[in-house]
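Only one structure is covered here, and it is reproduced in the block below.
The values are calculated or read from the model by the stated rules, or taken from the named source; none is laboratory data. The shown structure was predicted, so the numbers you read here are calculated from the model rather than taken from an experiment. Positions of Cβ are backbone-derived with ideal geometry, glycine not excepted, and every protein chain shown enters the neighbour counts. Just so you know, the surface numbers come from the protein's heavy atoms only, side chains and all, with ligands and any DNA or RNA stripped out. Shrake-Rupley method; radii C 1.70, N 1.55, O 1.52, S 1.80 Å.
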Amino acid sequence: MSGAFAQSVAGGGGFDTNQPIEITADSLEVQQANQQAIFEGNVQVVQGEIRMRSNKLVVHYSEKNQSGNGDPANIRQIDATGDVFLSSPRETAQGDKGVYDVTNKQIDLQGNVVLTQGQNVLRGNNLTLDLVSGKSRVEGGGATEGNNGRVKGIFVPEKKAGE
């Protein structure tokens, strides 16, 4: 599999993953037995400067009593599906589906991934964003009709003064 590295949506120096996670949607279904909350319709997630949109979001959490000290339930993982769009003040990323591993502070996007920073664009099948280090990895996928399965990047040089 081919791959390319880039600065992530989180920016060069990482991201404060201790910020609260705010989620809004048209509907919410809580499945207590499965420790899941399912948000649907115009779903929006905000954590600090990171924003995410999708059609559907499944939040996996652990119960309060599992933390052992009476803390509130902890979000372990967020699964986003349908037109997933992720943005920060400097970059955007999009894909068919995404997983935010809150515990390990990592976001993975899969399917028709596009990472954009200014005029620079990376395309691939998978994108892994490390929110601590601020690094990302874009990988290609299997060859399909009209797609050779490789990562494609377009980088536009900055214009110098007087050009």
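For ASP16, the accessible surface of its heavy atoms amounts to roughly 80 Å² (probe 1.4 Å, protein chains only, rounded to the nearest 10).
Packing here is the average count of other Cβ atoms within 10 Å per residue, and on that basis the peptides 109-115, 87-93, highest first, run 109-115, 87-93.
Spin-label model, GLU63 to ASP26: label points 7 Å out along the Cα-to-beta-carbon direction sit 3.3 nm apart.
Whole-Hz Karplus values for region 51-62 come out as 10, 9, 10, 6, 7, 9, 9, 10, 9, 9, 9, 10 Hz, taken residue by residue from phi with 6.51 cos²θ - 1.76 cosθ + 1.60 and θ = phi - 60°; glycine and proline positions read x.
How high is the FRET efficiency between ASP101 and ALA161 when r is their beta carbon distance and R₀ equals 35 Å, given to the nearest 0.05? The computed FRET efficiency comes out at 0.20.
Between GLN77 and ILE154, what FRET efficiency follows from the Cβ-Cβ distance if R0 is 41 Å, with the result rounded to 0.05?
Details: r = 32 Å, r/R0 = 0.79.
E between GLN77 and ILE154, to the nearest 0.05, is 0.80.
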